[in-house]
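Below is one structure, written out as structure tokens, with a few remarks after it.
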Amino acid sequence: MNISALLNSYYDLSGEQMNHINEFVARAVLHVVHHYILSVTPSLVLTLCCRSNHTCNFYNEMMSTLFREWGLAPLQIVNVLRGVPWHPVPGRRHYNVIFTDSFAAFEEIRMEYYAREYNYNEHYFIFLQARDRLLQGEMRLIFDYCWRYQLIHCSIQVQKSNGDILFYSYYPFGEHGCSDMEPQLINRYNGSMLVEPDLFPPKLRNFFGCPLRCALWNVPPFLTLAEQPEEVLLVNGGYEGRLLLALAEKMNFTIAVRKVHANMRDEALEMLQRGEADLTLGGIRQTVGRGLVATSTHNYHQTREVFAVLASSYELNSFDIFLYPYRLQIWMGIFGVVALSALIQLVVGRLLRERLRTRSWLNLELVFVGMPLLECPRSHTARLYCILLMMYTLIIRTIYQGLLYHLIRTHQLNRWPQTIESLVQKNFTVVLTPIVQEVMDEIPSVQHMRFHLLEASSELDPLYFLEANHQLRQHVTASALDIFIHFNRLSADKVHQRGEQGSGAHFEIVPEDIISMQLTMYLAKHSYLIDQLNEEIMWMRSVGLLSVWARWELSESYLRNEQSFKVFGTLELYAIFLMVLVGLIAGLLVFILELVSMRSLFLRKLFT
């Protein structure tokens, strides 16, 4: 007897089953597809790859049964044939149904090729048809493959020899250790439905203390690190530091810090690409370029890149303080009124034949400084003009004194540039770091500015540079708004600790933004962490935790109120000059009547 031929015949017939069994298996697959896949996605990809011809025949017969009850649902079918050179098949593989009979056949599909550029976690429902004694080993190999390429949502359906339809998956983090690929039973089919509600159970809500490698560096106020004995680094504060610590507590993982050295953000992303870190964060802006090499979570903080000037460069000198309350056009208007008053006094004195004495000019001066007149004028016109000037100068003096008090109380500064265009026109020099230079290269409007590049490891270094060289004029620095808030806060704390008055070195913000920035956490491309971290971040945002941390770490009380730079101009004070104009018109009418009264007896009696 040919034992080899008999054995081959046995294996060839292993894929053949009775029709009622095929229908039972088809109903299980159809139930999964309709209730767990097509209920959340409009389409799926079905991939068939098997080594045994009779197993392939079984799948073909089962699919014939399956498609009789499929209904209207888009389906892409990919058949991977043994011995045919592999080539990629286009298609969106968010949800996948795979029919296979071994790990060797499953590996030929090369699912990692399609998944490597995805920024989300796909779902793989795998129907594995194999003998009972081979199932555990084959599932273990498949789950090893899934974990190696970060395919976290892999579930396998098997059919046991007794007809049971069982579902298995793997839990990489558990009580027995990390990276555990042991197949675990998660569900079973009872003939009409699955016993448990989940086909792709959540696996990352509890890491059981397993470590996540985090590429980090000290970048306050976003993230601060504390060095422990034996050069061990711990996260101990900062806005994003609080976020990371909260995630570690909620998901029960430990933070294994991988310190980043020079050129922080680029090195951190390279560590993600080399597989040396699982995530990185710390003031990283979400950009299209970074999205090509790494996967970003939902952004959790929005800030803005701004210019700022050192406040001590804009302190008022004595002459500035004297002229501060009014703009130039108001001062010109005031001196114009003085000159006009002197001219009117001269004209009225000559034409109405009032005797001009030194006291008349002294009266004019006393009116403007708010003192009593030495002598009351004889003519009605002169008296009317005196009343007008008294009202005018009362308002002008009151406003002037009030603004001077405001200046002394609030330590006002000279008005610094309020727009990027004014910085460009005044030929300001920008002191910055390579990290900020990367942002500036994207902004056409600042390309004509001069740049002073510092090879610095911290974004605070340009601020310390300007503080040490405060005598420099026409210099400005650029960074995230939060950096300036942090510097002002540190400076104020140092002054307070020394028991001194004031706020120390202080930077003032140019109101016009350079660019808006969304801060995010970056993971390795196609990271298994993305969905779970996004879920946790959105939960923290919805309950207000992110807003509370922002108020704690990034309080804008250390910035000046931009409205404090408001000084009065013609738009605000035009009513005073309108009052002067009305008074001059009334005075002109009285003056004309007084001139005519010198020849009219009736008018002379009226003015007597």
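The values are calculated or read from the model by the stated rules, or taken from the named source; none is laboratory data. As the structure is a prediction and not an experimental result, all values here were calculated from the model. Positions of Cβ are generated from backbone atoms using ideal geometry, with glycine treated the same way; all protein chains shown enter the neighbour counts. Keep in mind that these areas ignore ligands, DNA and RNA; they rest on the heavy atoms of the full protein, side chains included. Shrake-Rupley method; radii C 1.70, N 1.55, O 1.52, S 1.80 Å.
Quick notes on this one:
- Residues that are within 36 Å of the chain's Cα centre (by Cα) and surrounded by 15 or more Cβ atoms within 10 Å (Cβ to Cβ) were ranked within segment 313-330; the one that is modelled with the highest pLDDT is Ser313.
- Residue in segment 455-464 that is in contact with a helix residue (DSSP H, G or I) (Cβ under 7 Å, 6 or more places away or on another chain), over 25 Å from Leu423 (Cα atoms) and surrounded by fewer than 22 Cβ atoms within 10 Å (Cβ to Cβ) present: no
- Residue list for segment 1-58, filter: at pLDDT below 75, open to solvent by less than 80 Å² (accessible area, probe 1.4 Å) and within 22 Å of Glu107 (Cβ to Cβ): Ser14, Gly15
- Qualifying residue in segment 204-215 (condition: touching a residue at least 12 places away in the same chain (Cβ under 8 Å) and of a type in the set (Gly, Ala, Ser)): yes
- Per-region count, segment 59-73, residues at pLDDT below 80 and open to solvent by 50 Å² or more (accessible area, probe 1.4 Å): 7
- Answer residue from segment 466-484, given it is among the hydrophobic types (A, V, I, L, M, F, W, C) and outside any strand (DSSP E or B) and is surrounded by the fewest Cβ atoms within 10 Å (Cβ to Cβ) among those: Ala468
- Test result for Pro220, under 30 Å from Ala456 (Cα atoms) and surrounded by fewer than 16 Cβ atoms within 10 Å (Cβ to Cβ): no
- The set of residues in segment 201-214 that are in a strand (DSSP E or B) and either open to solvent by 10 Å² or more (accessible area, probe 1.4 Å) or at pLDDT below 90 (or both) comprises Pro211, Arg213.
Yes or no, residue by residue, for (1) modelled with pLDDT under 90; (2) small (Gly, Ala, Ser); (3) open to solvent by 30 Å² or more (accessible area, probe 1.4 Å); (4) in contact with a helix residue (DSSP H, G or I) (Cβ under 6 Å, 6 or more places away or on another chain):
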| site | (1), (2), (3), (4) |
| --- | --- |
| Gln425 | yes, no, yes, no |
| Leu490 | yes, no, yes, no |
| Val495 | yes, no, no, no |
| Phe507 | yes, no, no, yes |
| Lys525 | no, no, yes, no |
